[in-house]
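The values are calculated or read from the model by the stated rules, or taken from the named source; none is laboratory data. Predicted model only: the values in this text are computed from it and were never measured. Neighbour counts run over all protein chains shown; Cβ positions are idealised from the backbone, glycine included. Just the protein is used for accessible areas: all its heavy atoms, side chains included, with ligands, DNA and RNA removed. Shrake-Rupley method; radii C 1.70, N 1.55, O 1.52, S 1.80 Å.
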Amino acid sequence: MWLDECPSFWDEGRVRPLVTESGKVVLMCDSCSAVWPTLDDFKEMEHVEPDEPDWTVTAGVHVRPGTVRWASPQDLEVAGMSGLKWRP
Ligand SMILES: [Zn+2]
């Protein structure tokens, strides 16, 4: 599932919901390393680029490889994000 195309002009990735180890759902591009902590951050184009060693998105939230997975429709419902225009 994806929400929108990556806003980076040089990238053709898609922005997808990602479940982090903390349970918080963030938005991440499936092509570049951009992560948006919240939907508002995406709307305001305020992305972060988490990197090793801590892969921090915001306090208490990280996207360390192996600890995250793409969100399912049920994850989005739990996160209160199911009302958005997700594309299959
Ligand atoms: Zn991207």
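Here are a few things to note about the model shown:
- Close pairs from region 1-23: first closer than 16 Å to Val48 by Cβ and in contact (Cβ under 8 Å) with a residue 40 or more places away in the chain, partner among the polar types (S, T, N, Q) and open to solvent by 20 Å² or more (accessible area, probe 1.4 Å), Cβ under 8 Å, at least 6 apart: Thr20/Thr67
- Count of residues meeting criterion [outside any loop (DSSP other than H, G, I, E, B) and either in contact with a Leu (Cβ under 8 Å, 6 or more places away or on another chain) or touching a residue at least 24 places away in the same chain (Cβ under 8 Å) (or both)] in region 42-77: 9
- Matching residues, region 9-28, being within 21 Å of Pro88 (Cα to Cα) and of a type in the set (S, T, N, Q): Thr20
- Of all the criteria given as (1) part of a loop (DSSP other than H, G, I, E, B); (2) within 14 Å of the ligand (Cβ to nearest atom), the one not satisfied by Leu18 is (1).
- Selection over region 27-86 of residues that are hydrophobic (A, V, I, L, M, F, W, C), surrounded by fewer than 16 Cβ atoms within 10 Å (Cβ to Cβ) and touching a Cys at 6+ places or on another chain (Cβ under 9 Å) gives a count of 1.
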